[in-house]
1. At most 15 other Cβ atoms within 10 Å and a DSSP loop assignment: could you name the trypsin sites (Lys or Arg not before Pro) in the stretch 529-561 that fit?
2. With r defined as the distance between the Cβ atoms of Arg337 and Thr700 and R0 fixed at 25 Å, what FRET efficiency is calculated, to the nearest 0.05?
3. Which pairs break 30 Å Cα to Cα here: Lys429/Lys492; Lys680/Lys1020; Lys50/Lys75?
4. Listed here are the pairs Lys220/Lys273; Lys225/Lys375; Lys376/Lys721; which of them are more than 19 Å apart at the Cα?
5. Pop out the ³J(HN,Hα) list for the stretch 312-324 in order, Karplus 6.51 cos²θ - 1.76 cosθ + 1.60 with θ = phi - 60°, rounded to Hz; leave Gly and Pro as x.
6. Sequence-distant or interchain residues sharing an amide H contact under 5 Å with Leu657, placed H: which?
7. Can you send over the carbon and sulfur percentage of the accessible area for the stretch 187-248, probe radius 1.4 Å, protein chains only?
8. Which value, in Å² rounded to 10, gives the accessible area of Asp424 with a 1.4 Å probe and all protein chains present?
Amino acid sequence: MNMHQPFVNFLHFTHEWPRDKKKDLNELQSMPLYKIPRKLKIKYDLKTGKAIDVFEVRTSESHSTSRTSMSLQRKSGPTCEAVRGSVQNMPFIPGGVQIDENPGLKSVALDFDNLLTVPPGFKEGMKFESTALTKVIETESKLQPEDEKRRTTEMERKKITEEKSESMDDLSHHLIPVQFAKTKSTVWAEVVDANLPVDFENLVPNPAFTWNFELDSFQKQAIVKLENNESVFIAAHTSAGKTVVAEYAIALSQRHMRKTFYTSPIKALSNQKFRDFRNTFQDVGILTGDVQINPKASCLIMTTEILRSMLYMGSDSIRDLEWVIFDEVHYINDSERGVVWEEVLILLPDHVGIVMLSATVPNTLEFASWVGMTKKRKMYVISTPKRPVPLEHYLYTGPSGKFKEHKFLILGAKGTLLQKGYLDAVESKKPKEKIIQPQTEGKGRGSRGGGRDQRGGGRGNNQRGRGSGGSQGTRATAVTPHTPSWGPQQEKNIWIGVVNHLLSEDKLPIVAFTLSRSRCDSNAEMLSSVDLTTAKEKSAITQFLHKCLDKLKGPDKRLPQVIQMSNLLKRGIGIHHSGILPILKEIVEMLFQDGKVKLLFATETFAMGVNMPARSVVFDDIRKHDGTCRRTLLPAEYIQMAGRAGRRGLDSTGTVLILCKTSVPDLTDLQNMMTGKPQKLESQFRVTYSMILNLLRVKTFRIEDMMKRSFGELHSRSKIKEIEKELKKLENRVENLPRLDCDTCSDVEGFYKTARQYLEMKDEVYNVVFTHPQMVKELTPGRVLIVVDDECIPKLGLLLEVDSRPKERTFKTLVLRKTRSQPKSPSKKMDKTSNAENFRCKMIALAKGNEYSIPDCQLGEVLALKAGDVMDVTYANLKADCKATLKDWETRQIPRFRDDPPSSSFVQAIEALLQISQYPDFGTFNLAEDLKLKTLDITLRCQRLQQLRLKLNEYQCRFCPSFDEHLNFTLSNMEVRENYDHLKYLTSDESLSNLPEYTSKLEVLKSLGYVSSDNAVKLKGQVACSIGNHELMLTELIFQNVLTDLQEEDIAALLSCLVFSQRTEYTPELTHSQKENIASVQKIARLIGQTQQECGLKEAIGDYVDQFQFGLVEVVHKWAMGVVS
């Protein structure tokens, strides 16, 4: 037992015995020794090998558990928590973070000269005699001093370096000079040139995995880095072979008997990778929200949200983790889910390697630098220069089946935009000229569409058929353009024409991207006459369907979607979108991958990393609705989908067709979409309730630490060392600042602070008030203003003109001058001065109050003032020819007229200003009262401005004869202090952009009882930690007992509001109890929304309530009850 420190935790020294009557009571007298969490560590001299010191080292890891420690050395938890972890567990220490879990218990050197012989509270103790150990320690005094040791060590190092240098010089003439390519790099990231040849056989003599094809250079470069246990970021074109790098990482971890996690943004990609990797590697599992197969496998495929949950819950699987593969990492740009990628990258422990796979993005080095800085490890960026299979992009404009006449190449395989193809497409789409025959009243036969050879029509006023009937009177013969209307028949014709043409050119299979789920279904249904499979393929498809659908129950096999999909698949047509049943989507994916599906109607999600290329891609439309408006596809979105065309090793080029149904898209839109730069990777980090609750359980890793390490804080963090150096310099300057020796100006710093606050608020208020309709009426030519120029004197100015053309309105004002100099406008001059100098003149003018300057000479200048340059607006309005005065001034600014005398109107304006300056009995506007402002915020700020102005008159420093000089002295000191405070702010948590959001959401959690006043997570918070989405709503439903008395089918129906997001006009038929349950959910939603607003969050209460849609309640209830129809 350590006698030299008091007991830190008495519980560590207690022992419990189970009650057993058979036990001998004498055994209670023997107590097993408690293993002290400390050990003695001997320090040896590296030169002589002798012991020179002994330290007492704390070994707390051996006694820590998943509930008390973040260390990887802690004890493992129960096996049932090995994969998912537990809400009671603490996460492991994130990589790149230094955390001391026992800051008060440091390892200390023992003082062997003052050892205690009697423990505190004991009467007797032990007498330590000289032992071999103490004799060893005594040798420390005989060793050479530290300086001598350091000098000897440095000399030996220098000698070894010189010997190595001489040996290298001897070999230099045998070496072949190597030319290294110049690469871009930062401290934490480096771009590897993928075009450089790689001596792969020598660098990787015993690869962990091999392929039956030759690897590309970028793949070899990546594998070499993985062999060296280095993290990589692969940004390659679609179908370039990024999966090869992922496969090698999996094989490498299996060789090392460790684990690899493969994460993906969507379940379709997870399912596809599970099937592929299971055929390649035997030990593969999958873990998603609804599927769990072999969760203890060495290769585990999961969504990124699952990995985030495992990291927060301290899963023991993380211990054996060697690599995490992030597929489609550009999904970090997603506004809703992008934060998950940032959380996971920050939380990964230090021993885990990172493999990021992405489409080509412009800022790969920037993103890799952030990851490297966060994890404190070098990241290597490897990109591909071009696509392995080039694409040819066509426009299709024809409404009929004559495809060759309506197919125009617009972007060739070399990436050159062909303007001729676009012009031909536009010409092809021009309406044909048709002559409309005259029609007479009565029983004349109507025409369908106006042409003689067209069918249908009506007779007289009694119309029949689908055409237009005859009209009363006689129409004049005219030549008019005729554009056929677009309907289901035209839609069917265009698709039949597209499929037949691509079939004739052997361009199947086809992926038809349709940016609407309903159009996916309708397009597939209308092709009832299209059959793309042979009899042998039909037989194979039928057998596969029976094998897969046998897992369903009898009623489920007869679902309309199952029957419809089965019929389509037998004809080689498939549908893939989020509205398809998961089992049917998986069937479609497998049949498409096997070549049985020849035409696949899919939405955008199918292109998200799913390795299922086709020969051709057809775009039903290039405009999509992104939740707020309809817009043209972004370059990244278009490239992601178009990249599905072209199978590597099978096709020389991939074919991409854009259907122009009603019109040809604008050339600029097409060019930006096809050849524009992909979207940059941008941070979507935000503070979530789940993040707050999970990290509040961990006292050693704060939420502020998470925010600091977000991608959005990269630029500020990269400059933190420079800021800290500058801060240290300024700290010395602040301590040694001279003091002002003036009794009258003892309050000059207070005057400075008040004046600065007044001027800053005045600029904000005037920029708003000067756009008020009433103020716009008052600010007309002739109005007298109070302004301050670089002479630091309050002056009267005559408003000549208000220029509203710039973004910020300017007021051209005539101001009197003492000298003939022509100074610049205050607004222009102030921009070039320091922050303190910007307010100097106005502060001096404020100190002088209402003392207006009266120049002794009749000189004037016109200044272009901003709203902030105006000190006050007076009631005075002079009668002057403002337009002529301004014109005269502008004329005399021309060099050849500069020496001309001022005009009579200009002189009269100056005289009017001089006269009113001698009798300043006019008043100034009271903004709040005179303008009758109705906005509460502006009214309160106007009142605050008046209070500050009155407060300025209370300072005694204004009466000091040397006030100007003393104010300049104070400005100099305050500038240093403000710079110091600003740099200190930049290094503090207050500078974090997400801190206000965190503060508000923490108040919400405290108000709702999830967190205590001292930031301890309460029971409600622990429950919310284990919920992935809508954690507040679900937790409130549980704790308010809304679900307690409900049956299973009622619970499922009610909770459908959490996943159903579509707005529908259909009104479900609900029972009375279901309406009550919905009212309870809406009541809780209003409570949460109101609490959020009260705590400072901007989301409207109605928006929060409206996100819960109840359109599926009736359907889900019947499904849960087992109702078939």
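1. Lys551, Lys553, Arg558
2. 0.35
3. Lys680/Lys1020; Lys50/Lys75
4. Too far apart for the 19 Å limit: Lys220/Lys273.
5. Karplus-based 3J(HN,Hα) across the stretch 312-324 equals 5, 8, x, 4, 5, 5, 5, 4, 8, 7, 9, 10, 10 Hz.
6. Tyr394, Val617, Val618, Phe619
7. Reported share for carbon and sulfur atoms: 48 percent.
8. 60
The values are calculated or read from the model by the stated rules, or taken from the named source; none is laboratory data. This one's a predicted model, so the numbers in the text were calculated from it and none came from an experiment. No Cβ is skipped: glycine too gets one built from the backbone with ideal geometry, and neighbour counts run over all protein chains shown. Side chains are part of the model used for accessible areas, which takes the heavy atoms of the whole protein and leaves out ligands, DNA and RNA. Shrake-Rupley method; radii C 1.70, N 1.55, O 1.52, S 1.80 Å.
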